Amino acid sequence: AAMASSERIFGLLDTPATIVNPSGPKAPRLFRGEVEFQDVWLGYQPGESILKGISFRVRPGEKVALVGATGGGKTSIISALCRFYDVTRGAILIDGIDIRDWDKQELRRYLGLVLQDVFLFSGDMAANITLGDARVSEQKMIEAAQRVHIAPFIEKLPNRYQEEVQERGSTLSQGQRQLLSFARALAFDPKILILDEATSSVDTETEMLIQDALHELLKDRTALIIAHRLSTIKNADRILVIHKGEIWEQGTHDELLAQAGLYARLYDSQYGFLDG
């Protein structure tokens, strides 16, 4: 059994990388956090496009939400931005430079990705916030934990930040795992923050705590926010409605409700316009 497992591991390690660094990578002198999609097409299978001509621009510090039905292409937009896949056609620019011209590691240092399914490692609380990166000092780690309101919980533990975390955080609640992931993102201070359904599974009791931590996390950053719960993105600077791999509508929450289109129908299905 061990030999069979080893063969699979070595097979994976021997797989050549498909996303490679350029021979002469570029980077801006001063990182501002502007994101631009220019006629982006993306497909995972030949002849099958998931994204179809996606074009939008996010100004430095702007908060843009992506909404739409499951399978519409929201997560594919995020995957393309992080360069997990190369686009089939078009270009994605960060601060005016095509992400294919960036060094991958350098690019991803500026991106903070917080997912719905938080992955926690075996180890202690401190390691799960800093990920063992020497650039994150103890003071910076504690400050991040305090700002997202997970510090009071950690400081009540017998070993505080050295308290062991079971694999995948099995001893923590969903809300605690989410706050820990926020602390991790804040500790690395990304210029561009990506939230993929980051609040959709939070229990009601910690909802207000999560929302306050989220406000702290978003402060002074460019952000792309994916959410099914439309209440979490009502205050976004702009909302893009993604449907069947295309941008169907865009505007503020109030503007999109006034259009009485797809966004209005999505909102009505969740809230029935009870709050007007």
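Things to note:
- Residue within region 39-47 that is of a type in the set (Asp, Glu) and either surrounded by 15 or more Cβ atoms within 10 Å (Cβ to Cβ) or not in a loop (DSSP other than H, G, I, E, B) (or both) present: yes
- In the set (1) out of contact with any Pro (no Cβ under 9 Å at 6 or more places or on another chain); (2) open to solvent by less than 60 Å² (accessible area, probe 1.4 Å); (3) not in a strand (DSSP E or B), Ala65 fails one condition alone, (3).
- Search result, residues across region 110-139 that are of a type outside the set (Ser, Thr, Tyr), open to solvent by less than 80 Å² (accessible area, probe 1.4 Å) and assigned to a helix (DSSP H, G or I): Met125, Ala126, Ala127, Asn128, Ile129
- Against the test of being within 30 Å of Val67 (Cβ to Cβ) and over 20 Å from the mean Cα position of the chain (by Cα), the options Ser122, Ser173 yield a single qualifying residue, Ser173.
- Criterion (free of Cβ contacts under 8 Å to residues at least 60 places away in the same chain, in a loop (DSSP other than H, G, I, E, B) and under 26 Å from Gly261 (Cβ atoms)) met by exactly one of Gly71, Gly90: Gly71
- Taking every residue in region 112-129 that is in contact (Cβ under 8 Å) with a residue 60 or more places away in the chain and pairing it with any residue that is among the small types (Gly, Ala, Ser) and buried (at least 17 other Cβ atoms within 10 Å of the Cβ), at least 6 positions away or on another chain, the pairs with Cβ-Cβ distances below 6 Å are Gly112/Ala185; Val114/Ser181; Val114/Ala185; Val114/Ala198; Val118/Ser181; Leu120/Gly169.
- Cross-chain or 6+ apart pairs with Cβ under 8 Å, region 180-194 first and farther than 10 Å from Leu217 by Cα, then open to solvent by less than 10 Å² (accessible area, probe 1.4 Å) and among the polar types (S, T, N, Q): Leu180/Asn128; Arg184/Asn128; Lys191/Thr222; Ile192/Thr222
- The set of residues from region 87-123 being farther than 20 Å from Leu214 by Cβ, at pLDDT below 85 and touching a helix residue (DSSP H, G or I) at 6+ places or on another chain (Cβ under 8 Å) comprises Phe121, Ser122.
- When Phe56 is tested against the conditions (1) surrounded by 15 or more Cβ atoms within 10 Å (Cβ to Cβ); (2) of a type outside the set (A, V, I, L, M); (3) not in a strand (DSSP E or B), the lone failure is (3).
- Among the conditions (1) in contact (Cβ under 8 Å) with a residue 40 or more places away in the chain; (2) part of a helix (DSSP H, G or I), the only one that Leu107 does not satisfy is (1).
- Search result, residues across region 11-24 that are surrounded by 10 or more Cβ atoms within 10 Å (Cβ to Cβ) and either touching a residue at least 24 places away in the same chain (Cβ under 8 Å) or more than 25 Å from the chain's Cα centre (by Cα) (or both): Ile19, Asn21, Pro22
- Residue that is at pLDDT below 85, under 19 Å from the mean Cα position of the chain (by Cα) and part of a helix (DSSP H, G or I), where the choices are Thr232, Thr206, Thr199: Thr232
- Subset of region 28-38 [surrounded by fewer than 15 Cβ atoms within 10 Å (Cβ to Cβ) and of a type in the set (A, V, I, L, M)]: Leu30
- Residue match in region 78-89 (condition: touching a Cys at 6+ places or on another chain (Cβ under 9 Å) and within 20 Å of Ala223 (Cα to Cα)): no
The values are calculated or read from the model by the stated rules, or taken from the named source; none is laboratory data. All values reported here derive from a predicted model rather than from experimental measurement. As a convention, Cβ positions derive from the backbone with ideal geometry for all residues, glycine included, and neighbour counts pool all protein chains shown. Accessible surface areas use protein heavy atoms only, side chains included; no ligands, DNA or RNA. Shrake-Rupley method; radii C 1.70, N 1.55, O 1.52, S 1.80 Å.
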